[in-house]
Amino acid sequence: MMRKRTVMTVLVLLLGLGLVGGASAGKLQNQLSQESTLEQIMKRGVLRVGMDTFVPWAMKDKTGKFVGFEIDVARQLAQDMGVKVEFVPTKWAGIIPALLTGKFDVLIGGMGIRTKRALKVNFTIPYDYSGMSMVASKKKAAGFNSLEDFNKPDVELAIKMGTTAVMAAKKFMPKAKLRLFEDQAQSYQELRNGNVHAVVGSAPRPAFEAANYPDTLFLPMKENFTKEPIAFALRKGDFDTMVFFNGWIQTKRDQGWLQDKHQYWFGTRDWAHLVE
C-alpha cells in the first residue's frame, strides 16, 4: 500500500516537472495498475466480498445459500467483471479491520458513509440509501409514538453492535439504555421475549418484524428517522478500483437495475419463502 502511494506521488511530481516522458509515465502507470485490487481480482478470477448478515441485505436461505439485496449486487458485479464471487462472512464489529488486512477485496455490506469510517477506508458513490427505524413491544412500549417517548432512562433498546443504529440511538435517544448484541437476530429475539422496549435497526427489517408478530410488536413511527447513503468500502490508495466500481454503480443506476433490486428486496416480501 505504501509502495503504491509512493509511486503515485513520484509519478505526479515528475509529470508536473516535465521530467518523465510518455513511455516512462506509461511504465509507472502500468506498475500501479498491476498492483491494484482490480488487477488482482482479474488475475485471480475471483471477487472476494466481505459482508455480514442483515435482513434483507444478506441472509441464508433454507439451503444455506446466501441471498439478499447485497448478494444480488455482488453477484451481478462479479458476473459483469467475468469472474466468480466468493462471500466472506465477517462479524460487523471487525469488518473494516478485515478489509484493511486483505481478508477480502471489497466490503459490500450495507455500510453507511460516515466520517470516522472514511478516515480508514475509501467509499464509492452511493449505490443505495438506508435509514433507521424502530419496532417496539406492544406491552412495554404501549402508547409510545415518538423518539422522545423512548428517550428515557428506564427504556431499554436492543441494537447490533458496531452499526450506525448505535450512533443513531445515542444521538436521538441519549437517555435510553442500550443493550448491544453481536448478531442482529439476537436483538430481535430479545424484543420478542419481552426483555427490551424496542429494537433500532436499518429499514425495512423493523417493519418485517412488526408484520410477522402483529400481536406483540408494532411500529411506533411510520417513517425512518434517519437517512444515510450506502456504499462499497475499499482500501485507501486504489484509484483504478475506485473508478471502476463508481462507473459500475452509475451504470446500474442509470439502467434502473439497482432500483429494481431495491424494490424487490425492500418493497416486497416475494422472497420470504426462501428464508422462512
Practice problem: Those residues that are surrounded by 17 or more Cβ atoms within 10 Å (Cβ to Cβ) and in contact with a Ser or Thr (Cβ under 8 Å, 6 or more places away or on another chain), I need them from the stretch 181-191; list them, please. | Solution: 184, 191
Quiz item: Considering the stretch 158-195 alone, what residues qualify as being out of contact with any Gly (no Cβ under 6 Å at 6 or more places or on another chain), in a helix (DSSP H, G or I) and hydroxyl-bearing (Ser, Thr, Tyr)?
Solution: 187, 188
Quiz prompt | Number of positions in the stretch 29-88 that are in a helix (DSSP H, G or I), crowded, with 16+ Cβ neighbours inside 10 Å and without any contact (Cβ under 8 Å) to a residue 40 or more places away in the chain | solution = 5
Practice problem: Please verify whether the stretch 206-216 includes one or more residues that are crowded, with 19+ Cβ neighbours inside 10 Å, touching a helix residue (DSSP H, G or I) at 6+ places or on another chain (Cβ under 8 Å) and assigned to a loop (DSSP other than H, G, I, E, B). | Solution: no
Quiz prompt | Single match in 252, 222, 236 (criterion: part of a loop (DSSP other than H, G, I, E, B), basic (Lys, Arg) and under 30 Å from residue 101 (Cα atoms)) | solution = 236
Quiz prompt | Of residues in the stretch 94-120 being over 14 Å from the mean Cα position of the chain (by Cα) and of a type in the set (Val, Ile, Thr), the one nearest to residue 81 (Cα to Cα) | solution = 101
Quiz item: With respect to residue 222, is the statement that it is surrounded by fewer than 16 Cβ atoms within 10 Å (Cβ to Cβ), over 21 Å from the mean Cα position of the chain (by Cα) and under 24 Å from residue 167 (Cα atoms) true?
Solution: yes
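Taken together, the values in this text are just the output of simple stated rules run on the coordinates, not laboratory data. Remember, it's a predicted structure, so these values are computed and weren't measured experimentally. Positions of Cβ are backbone-derived with ideal geometry, glycine not excepted, and every protein chain shown enters the neighbour counts.
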